[in-house]
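Before any comments, here is the structure.
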Amino acid sequence: MRGLQASQGIYCIFAQILRMSHLPVSYQDTIVALATPQGSGALGIIRVSGPETFTIVNGLFAGKDLSLQKTHTLHFGALKYQEEIIDEVVISLFKGPKSYTGEDVIEISCHGSAYIQQRLLQVLIAAGARMARPGEFTERAFFNGKMDLTQAEAVADLIASNSKAAQQTALKQLRGGFSEDLQKLREELIHFAALIELELDFSEEDVEFADRGQFMGLIAQIKSATNKLIDSFQLGNVIKNGVRVAIIGRPNAGKSTLLNALLNEERAIVSDIAGTTRDTIEETLNINGILFRLIDTAGIREHSSDHIENIGIERSKANAEQSHIILYLVDSTAAEEVYLDWMEPYKDKTITVYNKVDAVTADAVSNRASIENKSVSISAKKKLGIEELKQLMYKRAVGVELQTENTIVTNARHHAILLKIAESLDDIEMGMENQVTGDLLAIDIRRCLHFLGEITGKIEVDRDILGTIFGKFCIGK
C-alpha cells in the first residue's frame with residue numbers, strides 16, 4: 001500500500017509539472033493587424049486582441065457600449081475618430097477565454113478599400129494598440145493554452161495548403177490528431193518513469209515497482225509507433241511541398257507536347273525544330289489531391305555547338321538530380337533507343353515513357369512492352385495513355401491510396417525530434433537488456449520524455465525556435 005501511494009504521489013508530481021509548463025502567459029499590451037490580404041476587395045477584416053481590446057474599440061464605435069454585449073455576437077455601426085466617420089462596419093465580439101487567442105478579441109469587418117483599412121489601423125494604434133508581429137495571435141493562443149505547438153504549426157500549414165491532401169493533413173493536425181498520438185505515448189512512459197523514480201527512493205529495500213517485462217513491451221510499442229511516424233515523413237513532404245517531376249529526353253522526343261497533354265493546355269511551344277526548348281518551363285498539376293511540379297527541360301544530346309543550348313542541357317541534368325520523379329521520354333519512331341549514361345544513378349526514380357506510339361506498328365509497341373511501375377507507352381500528340389501515366393506518377397509518389405485520416409508527419413522539425421526520440425528509445429531498450437541501474441535508466445527515460453514534450457510544447461521550448469515557427473506566419477494570424 002505504501003509503495004502504491006508513493007507511486008501515485010510521484011505520478012501526480014509529473015502531471016503537475018506538465019500543467020505548470022503550459023500555464024497562460026500574461027500579455028500586457030493589445031495588438032492589432034489586418035487579417036485579410038493587402039489590397040482592395042469587397043471586405044477587409046481587422047483583428048484586435050489583448051486586455052484593452054474593448055476599451056480601445058469602444059472609444060471609436062458609435063452607438064453602444066460593446067463591453068456590455070454578450071460574447072460571440074455581431075454589432076453594426078460606424079467607427080469614428082474625433083469627428084471623422086471612417087467606415088460603417090460589423091463588429092464581432094469574442095470575450096476571453098472563449099476566443100482564438102484566449103484573450104478579449106474583436107474582429108472588425110470593414111469595406112475592402114486599402115485606404116479605409118490603413119486608416120482604421122492608424123486610429124486603433126493611436127488609441128493604444130500596437131501592430132502585431134507575424135504569427136503573434138497564434139503565439140498568444142499557444143501560450144494561453146488554446147492549442148499546443150503542433151496545432152499552432154498546423155494553422156500555418158492550413159493557410160499555405162494548395163491541395164486537398166495538404167488541407168486534410170493540416171486539418172487533422174489542427175484538430176489534435178498528431179498531439180493525441182504523442183500524448184498517449186508520453187502518458188504511458190510517464191507512468192513507468194514514475195515507478196522507476198520510486199524505486200530509487202526505496203533502493204535500500206531492493207524492491208521493484210516497475211514490471212521490466214511489461215516495460216520492454218511498452219518500449220517496443222512506442223518504438224513501432226515512432227518509426228511509423230518517422231516513415232510517414234517522406235509522404236508528408238510530398239503532400240506539403242509537392243512532387244518535382246523532370247521531363248527528360250533527347251531533342252524532338254515530344255517533351256513539350258507531353259507537358260501540354262498533362263496540363264490539357266498549350267503551355268509550351270511545340271516545334272519540329274530540335275532545340276526549341278532552351279530553358280526549363282515549370283507548371284503544376286494536381287493528381288488525386290497531390291501537387292506535381294512539372295519541369296519541361298531542354299532536349300539532351302551528347303554534343304552541341306550552341307552555347308545557349310549547352311546551358312539548357314546542364315540545367316536539365318541539374319533538374320533530373322533534384323527531382324523526385326524523372327519522366328524519361330523516348331521517341332518510339334527512332335531506329336534505336338539511346339540510353340543516357342549519366343542517368344544511371346537515377347534509374348530508381350525514372351519512369352520510361354515511350355512516346356509517339358500512334359506512329360508505329362502494333363508489333364513495335366508490343367516489343368517495347370511496359371514494365372510495371374517502370375514504363376508506359378503513350379502518344380502525347382493524340383493524348384493516348386496520358387491518364388495511365390498520371391496514375392503511375394501518383395503511385396510512384398504516394399505508393400498506395402492516400403489515407404489522410406492517418407497521422408502523417410509533414411513538419412521537418414517534428415521529423416528531426418522523432419529521430420531523437422527513436423534514438424532515446426534504443427538507449428532505454430539497450431539499458432534494459434544490459435540490466436543497468438535504475439538511476440541510469442531514469443536518465444534515458446527523462447531524455448525521451450523531454451523530446452516527446454518538445455514536439456507539442458509541453459515542455460519549455462527555446463524562444464528562438466518559437467520565433468522561427470511563428471515568424472513564418474502572416475501578420476494577422
Q: Quote the charge dipole size of region 31-146 about the Cα centre in Debye, to the nearest 20; the model charges only the Cβ of Lys and Arg (+1) and of Asp and Glu (-1).
A: 280
Q: Quick one: which residues, 5 or more positions from Leu384 or on another chain, have an amide H under 5 Å from its amide H? H modelled 1.01 Å from N in the peptide plane, none for Pro or chain starts.
A: Ser379
Q: Two decimals is fine: what is log10 I(q)/I(0) at q = 0.17, 0.22 Å⁻¹ for region 31-146, from a Debye sum with one equal scatterer on every Cα and no solvent?
A: -0.78, -1.31
Q) At Gln38 and Glu321, where each label point lies 7 Å from the Cα along Cα→Cβ, what is the point-to-point distance in nanometres? A) 3.7
Q) What order, most packed first, do the peptides 88-96, 444-452 have when packing is the mean number of other Cβ atoms within 10 Å of each residue? A) 444-452, 88-96
(Q) From the phi angles alone, apply the Karplus equation (6.51, -1.76, 1.60; θ = phi - 60°) to region 179-192 and give each ³J(HN,Hα) in whole Hz, x where the residue is Gly or Pro. (A) 4, 4, 4, 5, 5, 4, 4, 5, 5, 5, 6, 4, 4, 6
Q. Can you give the FRET efficiency for Asn264 and Arg293, using 1/(1 + (r/R0)^6), R0 = 25 Å, r = Cβ-Cβ distance, to the nearest 0.05?
A. 0.90
Q: Compute the label zone of Leu419 within region 426-458: residues whose backbone N is under 19 Å from the point 7 Å along Cα-to-Cβ.
A: 426-428, 448-456
Q. Non-local amide H neighbours of Phe292 (under 5 Å, H modeled in plane, Pro and chain starts lacking H): which ones?
A. Val243, Leu285, Asn286, Ile287
Q | Contour minus Cα-Cα distance for Ala160 and Thr73 (0.36 nm per residue) | A | 28.4 nm
Q) Each residue of region 220-226 in turn: what ³J(HN,Hα) in whole Hz from Karplus with 6.51, -1.76, 1.60 and θ = phi - 60°, glycine and Pro shown as x? A) 5, 5, 5, 4, 4, 5, 5
Q) If contacts are Cα pairs under 8 angstrom and at least 6 residues apart, what is the relative contact order of region 31-146 in percent? A) 32
Q. Where does each of 182-188, 46-52, 140-146 land if you order them by average Cβ count within 10 Å, highest first?
A. 46-52, 140-146, 182-188
Q.
For a protection proxy built on the mean count of beta-carbon atoms within 10 angstrom, sort 162-172, 247-257 highest first, please.
A. 247-257, 162-172
Q: Between Lys381 and Asp29, with labels modelled 7 Å along Cα→Cβ, what's the label distance in nm to one decimal, could you check?
A: 6.6
Q) Using 1/(1 + (r/R0)^6) with R0 = 35 angstrom and r between the beta carbons of Glu314 and Lys223, what's the FRET efficiency to the nearest 0.05? A) 0.20
Q | Pairwise label distance in nanometres, Met216 with Asp439, each label 7 Å out on the Cα-Cβ vector | A | 2.5
Q: Measure out, as a whole number of angstrom, how far apart the alpha-carbon centroids of region 421-461 and region 32-47 sit.
A: 47
**Q.** Using θ = phi - 60° and Karplus 6.51 cos²θ - 1.76 cosθ + 1.60, couplings along region 231-237 (whole Hz; Gly, Pro as x)
**A.** 5, 6, 5, 4, 5, x, 5
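A short reminder: the numbers here are calculations on the coordinates, not readings from a lab. All figures in this text were calculated on a predicted structure; none of them were measured in a lab. Neighbour counts are summed over all protein chains in view; Cβ atoms, including those assigned to glycine, are modelled from backbone coordinates with ideal geometry.
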